[in-house]
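Data first, discussion second: the structure below is written as structure tokens.
The values are calculated or read from the model by the stated rules, or taken from the named source; none is laboratory data. Worth saying up front: this structure is predicted, and the values here are computed from it rather than measured. We place every Cβ from the backbone using ideal geometry, glycine too, and count neighbours over all the protein chains shown.
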Amino acid sequence: MATIKDIADIAGVSIATVSRVLNYDETLNVTDETRQRVFEAAEQLSYQVSHKKKRKKKYKIGVFYYYSLEEELNDTYYLSIRVALEKKLEAEGLKVHRIRSTDQPEQLRSLDGIICLGFFVPEDIERIKSFQKPTVFIDSSPNEDLFDSVVVDFHKATKKALDHFIELGHTKISFIGGVDKDKNGTPYYDLRQKVFESYLMEKDLYCVDYIKLGGYNPKDGYVLLKELLLLDEKPTAVFVANDSIAVGLYKACSELGYRIPEDISIIGFNDISTAQFMVPPLTTIRLSTEFMGEMAVSMMQERLLSDREISLMVTVPTKLIIRESAMRVK
């Protein structure tokens, strides 16, 4: 433990002066510079004590994936995060335990921490809380006071796509996305849709007929774009919730004789590995999925080593990758 004498030695003042400064004694006649030295010395010693490193050990980390294998294959967003997460765990020499939904707290006593990937229902979050282990969530933040989290800035990402369309002169802009259901059958709506609607309402460009929802897969993208193209007043631009949906849009356009981007502009989301090889190459929002997986592991290690009690949320920015699937309105 740091003592007043330690502070006095660093600050170059007497023990009595340190005591009076730290107790905000208004009758003490010292310069502001002296007060600053005392407070800085106290902070420095406090930091050194509270952040003293433990001897590094080989931690055992539980990983809990909410989504199914089918969902992962339909939308490779979670797949790319999972691969990066598992690579980082392996590179750091950490032991890994795959948590199942049926695991009980007593089965997880040997774990040092838990990393959860995906969107979890309230009862799952309560179970995770009952494990009483340091926990990092990736792609959701169910309780900022209890858990660390790594999330994407969907607000800014959606606005980047819409701003690009608007800069290109588009005013008839559509959204194709999905509505997921949790294991209880309760629907939860995509944040991108909410931002899309509110942002275009602000700009007086919103049209309810241009919102189409299904699944996050090429098949639904194919069907939903065909529905949009049956409208008398067709959209000139479509923002899709992921690049897998965009694949279905490309197929629908090819079958119906619509050209991308001459007849309809498209912006995707995720920047999957095949996006740059689509014809034309897909303009899309790039997510730093590898960074998200790696950051979750780093946050877990730091928390275990430092005994940090305050939870952190890391919000990962996105980048608009401009290719050839969106063009200026003629």
Checklist entry - Of the conditions (1) crowded, with 19+ Cβ neighbours inside 10 Å; (2) in contact (Cβ under 8 Å) with a residue 40 or more places away in the chain, E92 fails just one. Which one is it? => result (1)
Checklist entry - Do you know which residues across region 73-130 are within 20 Å of T186 (Cβ to Cβ) and charged (D, E, K, R)? => result D75, E123, D124, E126, R127, K129
Item to check | Unique match (being of a type in the set (V, I, T) and in contact with a helix residue (DSSP H, G or I) (Cβ under 8 Å, 6 or more places away or on another chain)) among V247, V329 | outcome: V247
Checklist entry - Does region 92-132 hold any residues that are among the polar types (S, T, N, Q), closer than 17 Å to D145 by Cα and assigned to a loop (DSSP other than H, G, I, E, B), and which are they? => result Q132
Checklist outcome for this item: Note: among F131, F196, F154, just one is out of contact with any Phe, Trp or Tyr (no Cβ under 6 Å at 6 or more places or on another chain), among the aromatic types (F, W, Y) and within 25 Å of V247 (Cβ to Cβ), namely F154
Next on the checklist: Checking the condition within 29 Å of D243 (Cβ to Cβ) and under 22 Å from the mean Cα position of the chain (by Cα), which residue from G169, G178, G113 passes?
Outcome noted: G178
Checklist entry - Pairs under 9 Å by beta carbon, first residue surrounded by 14 or more Cβ atoms within 10 Å (Cβ to Cβ) and part of a helix (DSSP H, G or I) in region 28-47, partner at pLDDT 80 or above and polar (S, T, N, Q), six or more apart or different chains? => result T34/T17; V38/T17; L45/T3
Checklist entry - Got a number for residues in region 260-298 being surrounded by 20 or more Cβ atoms within 10 Å (Cβ to Cβ) and acidic (D, E)? => result 2
Item to check | S306 vs. criteria touching an Asp or Glu at 6+ places or on another chain (Cβ under 8 Å), over 18 Å from G268 (Cβ atoms), of a type in the set (S, T, N, Q) and in contact (Cβ under 8 Å) with a residue 40 or more places away in the chain | outcome: no
Checklist entry - For region 95-109, what are the residues that are surrounded by 11 or more Cβ atoms within 10 Å (Cβ to Cβ) and among the β-branched types (V, I, T)? => result V96, I99
